[in-house]
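See structure below.
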Amino acid sequence: MSTVEEMKHLGFTGAEAQIYIFLLQHPLSTGYEISKGTGLPRANTYQALETLTAKERVIAVSADPVRYAPVPPARLLKRIEEETTQRCQSLEQQLTALERPDNVGHFWELNEYSRIEARLRELIASARQRIAASLWAEDLDRLTDVLQQARDRGCTIILNLFGEASADYAMIYQHEGPEKVVGGHVIALAIDFEEALVASLDAPASGVVTQNRTMVRVVEKFIRDEAYLAAIYERLSPELEATFGPHMVNLRRSLLPAQDAEHLVAITTMGSQPINLPSNLHTSTRDASHLGEE
């Protein structure tokens, strides 16, 4: 983008930007010289000079003839920055006073992997106190920097982790590797009990972000339940598997759709005796992991 176009974003007109740039290169020019040097009509030149002088972006330094000098760029941009900050703060207060509380909350769909990852990073970067997430190890590799920054500013981080990865900045609840997950590459994130993201990263990737209080609580509960089950399974796996079969397959398969149940049985019976699969499976609940089913 050209310098003139950039300056227009800061409140200059095209003519004002051209005149300011000309004066940087030819200080102490008259209006006539500026008009001739920039190619602007004389009337437009004098009108722009009047505005620039009123805004203290250029200074008239002599009376007859009137010659002009630009305010130094560093001083000018510092003043614009301060004025813009004050204006934004004032406008934020005004708009907040006009805002009507939304008791329902909205849902925003994300239909590309790049958008999902960008929103994940934004949410983590905005967290003030708490981050709870269910992620695969490959997801964690791409989010480690923003998660570490969140920890450094005081956030508690709780992670259900599928696969092996190092994350000494978080409370880790270890789950099986992605190759044993039933239901696909599904992730979940909740921050500060205020906002949540759930996404399926299998192609075509899709997800949803919401501040809806009920749904945020549901996502938080889903993540906590996965953590509870991981901790329980780690401590009591012999008793659980004696009662429900390897990876609790006998319990889980009764709650899965037939296709996912067959996949689950195939995973849990590798190298062991096959397990008979009931034919009356009709429930459509997704199974995210052997410790985190809904």
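Using amide H atoms built 1.01 Å from N in the peptide plane, name the residues 5+ places from R130, or on other chains, whose amide H lies under 5 Å from its own.
Amide H neighbours of R130, under 5 Å, 5+ apart: T156, D192.
Can you give the FRET efficiency for H26 and E50, using 1/(1 + (r/R0)^6), R0 = 22 Å, r = Cβ-Cβ distance, to the nearest 0.05?
Working: r = 19 Å, r/R0 = 0.86.
Plugging the Cβ-Cβ distance into 1/(1 + (r/R0)^6) gives 0.70.
By a straight-distance test (C-alpha under 19 Å), which lysines pair with K8 as possible cross-link partners, with residues fewer than eight away in the same chain excluded?
Partners found: K55, K78.
Taking the alpha-carbon distance from K221 and a cut-off under 29 Å, which lysines remain once sequence neighbours fewer than 8 residues away in the same chain are dropped?
Correct list for K221: K180.
Please sort 221-228, 185-192, 233-240 by packing, taking for each peptide the average over its residues of neighbouring beta carbons within 10 angstrom, highest first. Don't jump to the answer; show the numbers that get you there.
Numbers: 221-228: 18.0, 185-192: 21.6, 233-240: 12.5.
Descending packing order for the listed peptides: 185-192, 221-228, 233-240.
Got a number for the accessible area of S90? Probe 1.4 Å, square angstrom, nearest 10.
50 Å²
R0 = 45 Å: FRET efficiency of Q148 with E239, Cβ-based, nearest 0.05? Before the final figure, lay out each step's value.
On the way: r = 37 Å, r/R0 = 0.82.
After rounding to 0.05, the efficiency reads 0.75.
Give me the number: length gained by fully extending R130 to S62, i.e. 0.36 nm times residue separation minus the C-alpha to C-alpha distance, one decimal in nm.
On the way: separation 68, 0.36 × 68 = 24.48 nm, distance 6.16 nm.
Full extension from R130 to S62 adds 18.3 nm.
The values are calculated or read from the model by the stated rules, or taken from the named source; none is laboratory data. Because the structure is predicted, anything quoted here is derived from the model rather than measured. Ideal geometry is used to build each Cβ from the backbone, glycine not excepted, and the neighbour counts take in all protein chains shown. Only protein heavy atoms, including side chains, enter the accessible area calculation; ligands, DNA and RNA are left aside. Shrake-Rupley method; radii C 1.70, N 1.55, O 1.52, S 1.80 Å.
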